[in-house]
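Each remark here refers to the structure printed beneath this line.
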Amino acid sequence: MWVAGAERAGRGELIPVEDPATGEIFAHCHAASEQDVQDTVALAQAAFKSGVWVRESRHRRADVLDKSATLLEAELPELIALEVRQTGRAIREMKAQVPSLVRWLKYYAALLRVEERPLLPTVGKLHNFVDRVPLGVVVQITPFNHPLLIAVKKIAPALAAGNSVIVKPSELTPLTTLRLGAIFKTAGIPDGVFNVLPGYGSLTGKSLVSHPLVRKVDVTGGEAAGRAIGALVGGNLARYTAELGGKAPLVVFNSADIQVAVNGIAFGSFIASGQTCIASTRIIVDNKIFDVVLETLKAKTESIAKRMGAPTNPDSMMGPLVSAKQLRNVESLVDEAVDTGAAKIVTGGKRMTSISALDSTDFSRGYFYEPTILVQGALPIDDFRKSAIWRKEIFGPVIVVVGFDTEEEAVELANDSEFGLGAGIWTQEMAQAFRVSEQIDAGITWVNTHHRNDPSSPWGGSKTSSGLGVENGVEAYQAYTTAKSTIISYASTEESLVSADWFRESAGVVRYG
Ligand code: NAD
């Protein structure tokens with residue numbers, strides 16, 4: 001654990017950390033016990049109450065965040081290597097993703113320097129200003145797929161606002177988040193203000209999110225976890241942000257450039273082996289170009305499969321799934337879709353057990369699954385749209401391609417989901433881009449691109465199953481604060497005696513409200 005500015009052994013069980021490419025347990029990590037949770041929340045609360053961080057000048061807090069960015073940059077090679085080992089994600093991806101984290105620290109540092117305090121219009125000689133003040137102890141629960149990115153997206157606004165933070169990383173990938181402890185300490189975050197408690201969701205996580213001193217919980221994870229945590233947080237009347245699952249539609253219109261769109265589909269679908277919340281898993285293609293899109297996409301997908309190897313190989317295009325459990329989920333969803341006639345396989349569709357043509361990696365040791373394209377099977381469209389392969393989040397490199405005839409039909413198919421996180425549209429017609437994106441019910445819609453993210457750009461779901469609240473931008477910072485309104489009368493004593501004595505003896509106009 002990282003608690004009060006130092007590494008500490010947790011008193012819970014030892015969590016094995018597995019390399020998903022080989023099945024090797026390469027590390028163990030202490031889980032935080034119930035007592036560790038109690039102790040850490042108390043320490044974090046004491047740090048908050050002491051004012052050691054929140055009463056620092058905002059320029060100093062900004063400087064510390066900037067310094068964290070510089071220190072993180074210096075540790076990138078080690079962080080990237082560890083992220084690859086614990087997630088199994090190809091090093092190409094992590095070399096592109098992990099360096100981007102510094103932008104979140106710098107963005108919230110900059111926000112601290114430019115934030116203004118609004119002065120509100122009020123009646124009478126009153127001066128009404130609003131401050132944003134931190135909440136206290138906040139808990140952040142993160143998933144396995146982008147361990148550092150999601151942690152830093154949450155930590156940066158929470159620390160900027162002056163809160164005390166406790167992060168509980170995924171039990172599958174706790175190692176890199178722990179490394180942040182020393183970085184923040186060296187940068188100047190006072191002890192007790194930043195803490196990491198590894199552990200299982202049902203034990204450490206549950207006990208953290210149930211704690212009555214915790215004033216906000218911010219989780220990224222699956223819908224089941226999001227609902228379970230929300231019920232506990234609601235009981236404590238604490239604030240809640242939940243970034244949950246997705247089933248992103250990606251609509252390709254007739255005017256799209258086919259190769260550009262196919263490249264976009266491959267990126268949207270197969271990055272992180274499909275283990276992203278905005279993975280474009282429902283590809284909705286104009287029937288006029290359906291065959292050529294499918295053929296081009298098949299060629300691209302098979303080329304990716306041929307270039308898979310060890311995640312540490314810079315030439316490898318895609319890594320394994322994170323765990324045996326995740327592999328079983330993907331296998332069972334695809335097998336069920338094929339067995340029930342909901343879908344037919346165009347390419348892929350099974351676990352990889354061969355030897356890599358790229359670098360002789362033995363795929364059978366890890367949890368590799370072929371990048372897979374499915375199309376609608378013998379089931380009529382109405383039944384197909386009830387099938388699990390169309391409705392459930394797969395979290396693997398599996399996509400389903402369906403056709404449409406009209407724009408209206410495309411929008412209807414795109415919105416046919418309980419999820420509403422990310423969506424993509426590919427069209428060269430500007431009016432169509434505006435018209436369709438306006439009708440898509442998703443928190444983030446990309447046009448002629450996919451999976452773009454920036455510290456300034458809100459990221460969150462628009463439908464229940466994708467969660468509530470957003471990450472990024474001013475909104476995320478504000479969600480780590482509460483508004484504090486101060487109203488000061490600058491009326492003179494004489495004016496107050498005349499107009500502010502509600503219970504005065506004589507009649508006349510006096511203030512009310
Ligand atoms: P998960 O729900 O299994 O676990 C996420 C985290 O929640 C882990 O740290 C886990 O230990 C914890 N947890 C689980 N149950 C808990 C409970 N009852 N109380 C407290 N903590 C609990 O998710 P995962 O498999 O790690 O990640 C995949 C999921 O995350 C997918 O559904 C994916 O769509 C979603 N996700 C969403 C976003 C987004 O931005 N919306 C980003 C990445 C991943």
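The values are calculated or read from the model by the stated rules, or taken from the named source; none is laboratory data. None of these values were measured; they are calculated from a predicted model. As a convention, Cβ positions derive from the backbone with ideal geometry for all residues, glycine included, and neighbour counts pool all protein chains shown. Note: areas computed on protein heavy atoms with side chains; ligands, DNA, RNA excluded. Shrake-Rupley method; radii C 1.70, N 1.55, O 1.52, S 1.80 Å.
Selection of first residues in the range 220-232 that are more than 17 Å from residue 462 (Cα to Cα) and of a type in the set (Ser, Thr, Tyr) and of second residues that are assigned to a helix (DSSP H, G or I) and near the ligand (Cβ under 7 Å from one of its atoms), restricted to Cβ pairs under 8 Å at least 6 apart or on distinct chains, gives an empty result.
If the condition is being surrounded by fewer than 24 Cβ atoms within 10 Å (Cβ to Cβ) and within 15 Å of residue 348 (Cβ to Cβ), then the range 260-284 contributes only 266.
Condition test on residue 225, is it within 13 Å of the ligand (Cβ to nearest atom) and either open to solvent by less than 30 Å² (accessible area, probe 1.4 Å) or in a helix (DSSP H, G or I) (or both)? Yes, satisfied.
Summed over the range 127-157, residues that are open to solvent by less than 10 Å² (accessible area, probe 1.4 Å) and away from the ligand (no atom under 16 Å from the Cβ) total 1.
Tallying residues that are within 23 Å of residue 158 (Cα to Cα) and part of a helix (DSSP H, G or I) within the range 477-513 yields 3. Under the condition of being away from the ligand (no atom under 11 Å from the Cβ) and either out of contact with any Phe, Trp or Tyr (no Cβ under 6 Å at 6 or more places or on another chain) or open to solvent by less than 10 Å² (accessible area, probe 1.4 Å) (or both), the residues counted in the range 172-187 number 11. If you go through the range 458-468 and keep only what is in contact with a strand residue (DSSP E or B) (Cβ under 6 Å, 6 or more places away or on another chain) and more than 10 Å from the ligand (Cβ to nearest atom), you end up with just 468. Screening residue 205 with (1) away from the ligand (no atom under 15 Å from the Cβ); (2) small (Gly, Ala, Ser); (3) open to solvent by less than 40 Å² (accessible area, probe 1.4 Å) gives one miss only, at (1).
How many residues does the range 406-433 contain that are in a loop (DSSP other than H, G, I, E, B) and over 14 Å from residue 256 (Cα atoms)?
Total meeting the criteria: 8.
Taken together, the residues in the range 313-340 that are open to solvent by less than 70 Å² (accessible area, probe 1.4 Å) and in a loop (DSSP other than H, G, I, E, B) amount to 9. A single entry from 198, 212, 190, 169 fulfils the requirement of being near the ligand (Cβ under 10 Å from one of its atoms) and either open to solvent by 10 Å² or more (accessible area, probe 1.4 Å) or touching a residue at least 40 places away in the same chain (Cβ under 8 Å) (or both): 198.
Restricting 116, 73, 83 to residues that are in contact with a helix residue (DSSP H, G or I) (Cβ under 8 Å, 6 or more places away or on another chain), open to solvent by 60 Å² or more (accessible area, probe 1.4 Å) and of a type outside the set (S, T, N, Q) narrows the list to 73. Among the residues making up the range 232-257, a single one is more than 20 Å from the chain's Cα centre (by Cα) and within 9 Å of the ligand (Cβ to nearest atom): 232. How about the range 1-53: which of its residues are part of a helix (DSSP H, G or I), open to solvent by 20 Å² or more (accessible area, probe 1.4 Å) and not hydrophobic (A, V, I, L, M, F, W, C)? The answer is 34, 35, 38, 39, 45, 49, 50.
Filtering the range 341-372 down to residues that are part of a loop (DSSP other than H, G, I, E, B) and aromatic (Phe, Trp, Tyr), which residue is least open to solvent (accessible area, probe 1.4 Å)? The extreme case among them is 368.
Among 401, 436, which is part of a helix (DSSP H, G or I), modelled with pLDDT of 95 or more and either more than 16 Å from the ligand (Cβ to nearest atom) or surrounded by 18 or more Cβ atoms within 10 Å (Cβ to Cβ) (or both)? Only one candidate passes the filter, namely 436. Kindly establish whether residue 217 is over 19 Å from residue 399 (Cα atoms), open to solvent by less than 10 Å² (accessible area, probe 1.4 Å), more than 7 Å from the ligand (Cβ to nearest atom) and modelled with pLDDT of 95 or more. For residue 217, the condition - over 19 Å from residue 399 (Cα atoms), open to solvent by less than 10 Å² (accessible area, probe 1.4 Å), more than 7 Å from the ligand (Cβ to nearest atom) and modelled with pLDDT of 95 or more - is met.
For the subset of the range 291-331 comprising residues that are without any contact (Cβ under 8 Å) to a residue 24 or more places away in the chain and within 16 Å of the ligand (Cβ to nearest atom), which member is farthest from the chain's Cα centre (by Cα)?
Within the range 291-331, the subset without any contact (Cβ under 8 Å) to a residue 24 or more places away in the chain is 291, 295, 299, 303, 325, 328.
Retained after the next criterion (residues that are within 16 Å of the ligand (Cβ to nearest atom)): 325, 328.
On the way: 325: 21, 328: 23 Å.
So, considering only residues that are without any contact (Cβ under 8 Å) to a residue 24 or more places away in the chain and within 16 Å of the ligand (Cβ to nearest atom), the one farthest from the chain's Cα centre (by Cα) is 328.
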